[in-house]
Amino acid sequence: MWTRERLQTLVEEKLQDCLFVVVSNREPYVHSHAHGAIQCQVPPSGLITALDPVMRACGGTWIAHGSGNADKETVDERDRVRVPPDDPSYTLRRVWLSKGEVDGYYHGFSSDALWPLCHIAYTRPTFNADEWSTYKAVNERFAQVVLKEVGARRAFVFVQDYHLTLMPRILRDANPNVVVAHFWHIPWPNREAFRVCPWQHDILDGLLGNHLLGFHLRYHCNNFLDTVDRAIEARVDRDRYQITRGEKKTAVRPFPISIDFEEVARRAGGPDVEAEMQRLKRSLELEGRILVMGLDRIDYTKGIPDRLRAIDRFLDRNPEYRGKVVFIQTGVPSRVHVPAYRRINDEIDTLIDEINWKYETGDWRPIIDMRGSQSAVTLMALRRLASLAIVSSLHDGMNLVAKEFVASSLGEDTVLILSEFTGAARELTDALLVNPYSADQVAEVMREALEMPLEERQRRMSRMRAIVRENNVYKWAGDIVSGMVGLRSGG
Ligand code: F6P
């Protein structure tokens, strides 16, 4: 079983004098001015959920964009701050970007071109040459920060996600002492979908600067091999999952990402969570009612309108549940400067309003809208109070919300409805798997979930808990670190 301690030992033994550097766009701790003081917040992100415990265990340096309006006031003269604030165990090195750079590189090419390109959710990617130029310049900037950080030392650099596709090539060409690995947190689409990107060659060439490239699923690895095979000059070895371009090799591997199961379960059982559960029961009038929850970063890939339509269908078909079931939708709005995200928020507002208007009676409203920033304790209390969680993503690399719900189910008596289009569906086969595009099917499965006998609920949840406990985030990181070390010694 992988634990934090086992990962620590692996890092100490294998990385020894090497520097361990993580690079991502999103930073794990954001400092902002609020109510006359500086507050520190953890942004809603699967990447942060997974990597923060790993960095706490490994130490090292995390390089990321400093996006908070008090970030500059909290770093030292070398743009560094030790984090987490309550138990400093690694260094966050912030990179500063102008608003124009954020618009072109993050809102533009990353969020409005690569994100819809890789998620098959029928939102069209927008390709804009100015945004692409800014994306290239920002990748170059990140690379220079990393190279300066590393200096003449040997280093393992672990790059995250689609914001930094060009950086691995720059690093590998500039410094032979660096081993570069990259984890792709979202799906890799099939080659037909990817080929519409006008700059596909540059992106593939950049990614083939990596020594090791990880995806959640073997299916995504295969899509990547197919894409490279068709798009650029490279030798693709499908038996070894290895690509050679200009004598340089890239190993392509699946590493299903996960959570710190024990820590989530420990927090779920805390006295603060128990107290919050009591408070919520009273304030939301949940006594005697069944709670169903949805918890998502507000994104058009998460299938939130589809879930709401299924709830409408469920209440329409099953009038006996009116007054008895309450749906809570939580989640933080994100990327609100991108038009498609503003539209999805408007669509959710309209649907919640319509459904509540259609079914509400004196003291009961079917949907409670809790979108916005909620404390970690409140979210955990909601997970504990819920009998059923619905994850209805239209397409998702993994979906750690599903795994967190499983880890928080201390009584092992809750049910998870999970979209078959998430990476998590490959592991959590005891969830009730659904096609979120079919409101009828989801409504039908909701009824099945609410009427499932206790014994079956427990059998399913206990099997899922065993899987997430074993395939935890320390295993994910341990497998990647072992892979990087193997490549250094093996060439
Ligand atoms: O999980 C996919 C992902 O892109 C993460 O990489 C990212 O941190 C998260 O979604 C949230 O997105 P953003 O950083 O754009 O808020």
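I need to check one value: relative contact order of the range 263-470, counting alpha carbon pairs closer than 8 Å and at least 6 residues apart, in percent.
25 percent
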_DSSP beta bridges in the range 34-160 [antiparallel fraction, %, rounded to 5]_ = 50 percent
_Value at 222 nm in deg cm²/dmol, rounded to 500, when DSSP H runs of n ≥ 4 in the chain each add -39,500 (n - 2.57)_ = -13500 deg cm²/dmol
*asked:* I'd like the antiparallel share, as a percent to the nearest 5, of DSSP beta bridges with both residues in the range 275-369.
replied: 10 percent
*Within the set LYS281/LYS324; LYS99/LYS403; LYS72/LYS302, which residue pairs have Cα atoms separated by over 25 Å?*
LYS99/LYS403; LYS72/LYS302
*Dipole magnitude of the range 263-470 about its Cα centre (Cβ charges: Lys, Arg +1; Asp, Glu -1), debye to nearest 20*: 380 debye
*Considering only protein heavy atoms and a 1.4 Å probe, what is the carbon-and-sulfur percentage of the accessible area of the chain?*
46 percent
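Working out 0.36 nm times the residue gap between GLN41 and ARG343, then minus their Cα-Cα distance, what length gain in nm do you get to one decimal?
Taking 0.36 nm per residue and subtracting the Cα distance, the gain is 106.1 nm.
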*Report the local net charge at ARG4: Lys and Arg +1, Asp and Glu -1, summed over other residues whose C-beta lies under 10 Å from its C-beta.*
-2
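Measuring with a 1.4 Å probe in the full set of protein chains, what accessible area per residue, in whole Å², belongs to the chain?
Averaged over the residues of the chain, the accessible area is 41 Å².
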*Where does the charge balance sit around ALA129 when Lys and Arg score +1, Asp and Glu -1, over other residues with C-beta under 15 Å from its C-beta?*
-4
*asked:* Tell me which of ILE368, ILE417, PHE314 sits at the most positive position along the dipole axis of the chain, charges placed on C-beta atoms (Lys, Arg +1; Asp, Glu -1).
replied: ILE417
*Taking the DSSP beta bridges in the chain as the whole, what percent of them are antiparallel, to the nearest 5?*
25 percent
*asked:* Please report the spacing between the Cα centers of the range 450-491 and the range 247-267 in Å, no decimals.
replied: 9 Å
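May I ask you to list the trypsin sites (Lys or Arg not before Pro) in the range 48-139 that are in a DSSP loop and have at most 12 other Cβ atoms within 10 Å of their Cβ?
Answer in residue order: ARG78.
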_Using the Cα centre of the range 121-252 as the reference point, and only Cβ charges (+1 on K/R, -1 on D/E), how large is the resulting charge dipole? Debye, rounded to the nearest 20._
320 debye
_Separation in nanometres of the label points that stand 7 Å from Cα toward Cβ, at THR244 and GLU420_ = 4.0 nm
*What is the distance in Å between the Cα centres of the range 270-342 and the range 109-164?*
33 Å
*On full extension of the chain, what length is gained from ALA137 through ARG463, given 0.36 nm per residue of separation minus the C-alpha to C-alpha distance?*
112.6 nm
*Using a 1.4 angstrom probe with every protein chain in place, what is the largest-first accessible-area order of THR227, THR123?*
THR123, THR227
*Between ASN177 and ASN128, what FRET efficiency comes out of the Förster formula 1/(1 + (r/R0)^6) with R0 = 41 Å and r the beta carbon distance, rounded to 0.05?*
0.65
*What percent does the relative contact order of the chain come to when contacts are Cα pairs within less than 8 Å and at least six residues apart?*
14 percent
*How about the range 198-282: which GluC sites (Glu not before Pro) there are in a DSSP loop, with at most 12 other Cβ atoms within 10 Å of their Cβ?*
GLU233, GLU247
_Estimated dipole of the range 53-116 in Debye, rounded to 20 [Cβ of Lys and Arg +1, of Asp and Glu -1, Cα centre]_ = 200 debye
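The values are calculated or read from the model by the stated rules, or taken from the named source; none is laboratory data. Since the model is a prediction, treat every value here as computed from it, not as a measurement. As a convention, Cβ positions derive from the backbone with ideal geometry for all residues, glycine included, and neighbour counts pool all protein chains shown. What goes into the accessible areas is simple: the full protein's heavy atoms, side chains included, and nothing from ligands, DNA or RNA. Shrake-Rupley method; radii C 1.70, N 1.55, O 1.52, S 1.80 Å.
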